[in-house]
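Each reported figure results from applying straightforward, stated rules to the coordinates on display, with no laboratory input. Note that the coordinates shown come from a computational prediction; the quantities given were computed from them, not determined experimentally. Every residue, glycine among them, receives a Cβ derived from its backbone with ideal geometry; neighbour counts consider all protein chains shown.
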Amino acid sequence: MENWLQRIFLMAVRNQISAILAAMLISFSMFSYGENLEWSVASDQTTAVFEPEVERAEINKPDIDTEDFEFGVSYGLMSVEDFGVSSVLAARLAYHISEYIFAEAVYGQTDTQETSFEVLNGTSLLTEDQRQYQYYNLSVGYNLLPGEVFFLEDKTFVSELYVVMGAGSTEFAGDQYFTVNVGMGYRLLLTDEIALHVDVRDHMLDIDFLGIDKTSHNLEVTGGLTVFF
């Protein structure tokens, strides 16, 4: 009887030990699986690349027309030394030799004012025709700084800063004078064919008026439109 009770007791102990080992094995397996799962998720989060979807605005930028000729008119003010400041009207024709170099011909006209000598003495030294100032010149220009002007969010305009130098003839006070002109300008392409210009130029000539021989500096500031063709 005693041996039978011992056997039952040993069997119960063995079953308990087996159950405990099985529970420990299952717990260890679940812990390992959970740890591996967390590591996998962390790895996926680490290696994931965020790719933002940015919608880019389309920019419409006009280009200079493929034609090489440019014609236009301009209007502004001209200060003729000793003869005041008057409005001036000019026409220009340019030929673009390359992307940077161009040649142009310009004709301009203005009516000068009376000199201070005429005003003080109440006399007129020039006739109406002689008082008209006309100039013709041929110049070479060079584009210095091409750039862009942004308007709103989807529109840009091509722009260029340029310098010019040339020579020509001036008809004034009943005589003609050899004239040298230098200056600079700004060109803004409104469309592929139309451009806006702003120019500042100095027309220099040697003149003998009232018995005084000197170099006259005649400054001109104009703005206008040109068309490429």
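Remarks
- Scattering profile of the stretch 69-228 at q = 0.11, 0.12, 0.13, 0.18 Å⁻¹ [log10 I(q)/I(0), Debye over alpha-carbon scatterers]: -0.49, -0.56, -0.64, -1.05
- Derived scalar couplings between HN and Hα for the stretch 129-145 equal 5, 5, 6, 6, 10, 10, 9, 10, 8, 10, 9, 10, x, 9, 7, 8, 10 Hz in order, rounded to whole Hz, by the Karplus curve 6.51 cos²θ - 1.76 cosθ + 1.60 (θ = phi - 60°), x for Gly and Pro.
- In this structure, ASP208 and ASP154 have a Cβ-Cβ separation that, at R0 = 41 Å, corresponds to a calculated FRET efficiency of about 0.10.
- Fewest-first ranking of ASP82, ASP213, using other Cβ atoms within 10 Å as the exposure measure: ASP213, ASP82
- Amide hydrogen proximity for LEU89: with H placed 1.01 Å from N in the peptide plane, the residues at 5 or more positions away or on another chain lying under 5 Å are GLN109.
- Note on LEU188/ALA167: beta-carbon distance plugged into 1/(1 + (r/R0)^6) with R0 of 22 Å gives a FRET efficiency of 0.20.
- Footprinting exposure proxy for PHE228, PHE71 (fewest neighbouring C-beta atoms within 10 Å first): PHE71, PHE228
- Residue order for HIS96, HIS203, fewest other beta carbons within 10 angstrom first, comes to HIS96, HIS203.
- Whole-angstrom gap from the stretch 114-165 to the stretch 169-199, using each part's C-alpha centre: 5 Å
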